[in-house]
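Taking it in order: structure first as structure tokens, then the write-up.
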Amino acid sequence: MSIKKNPKARSPKDANPKKIKKKTSVLVTEKVEYVDYKDVNLLTRFVSDRSKIRNRRVTGNDVQQQRDIANAIKNAREMALMPYTKRVAQTRTSRPPRDGEGRRERAEDQVVESQVEGTEAEAEGTDEAEEGE
């Protein structure tokens, strides 16, 4: 008993009938012959917002171009023309703590805490009123 392969089996490339257009490199469009490490404006196009070198698939470079760009970026970083990293402001959504402190407390504890907070607020209100006079 032999297993026949499906003659209409498609490779991943054939699965999408639309023609995939190959990206063109910035080096080709601007007719750059030599990638210079001092040309920071050109090199920053091949770097992400966190200063990571973008890969070939994203930039559209061929193997030699990508190697030249990577070496130029590394050289520019060594010469302090480009940063190794950039600080990115991190906006985190507030998550409940993992150790269980954020779990629901007993109703009695919540009542006691709200009463304590109320007395603190009244004390602060009287201090502000005295400062205003």
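Here, each number is a calculation from the coordinates, and none is a lab measurement. Everything quoted here is computed from the prediction, not taken from an experiment. Here the Cβ positions follow ideal geometry from the backbone for every residue, glycine too, while neighbour counts run over all protein chains shown.
Brief remarks on what is shown
- Put simply, the amide H of Val47, placed in the peptide plane, has neighbours under 5 Å in Arg54, leaving out anything fewer than 5 places away on its chain.
- Using a cut-off of 22 Å between Cα atoms, the listed pairs Lys31/Lys52; Lys38/Lys74; Lys23/Lys52 include Lys31/Lys52 as exceeding that distance.
- Shape annotation for the stretch 22-78: C-alpha extents along the principal axes are 32, 24, 18 Å, from largest to smallest.
- Pairwise label distance in nanometres, Lys22 with Lys38, each label 7 Å out on the Cα-Cβ vector: 3.3
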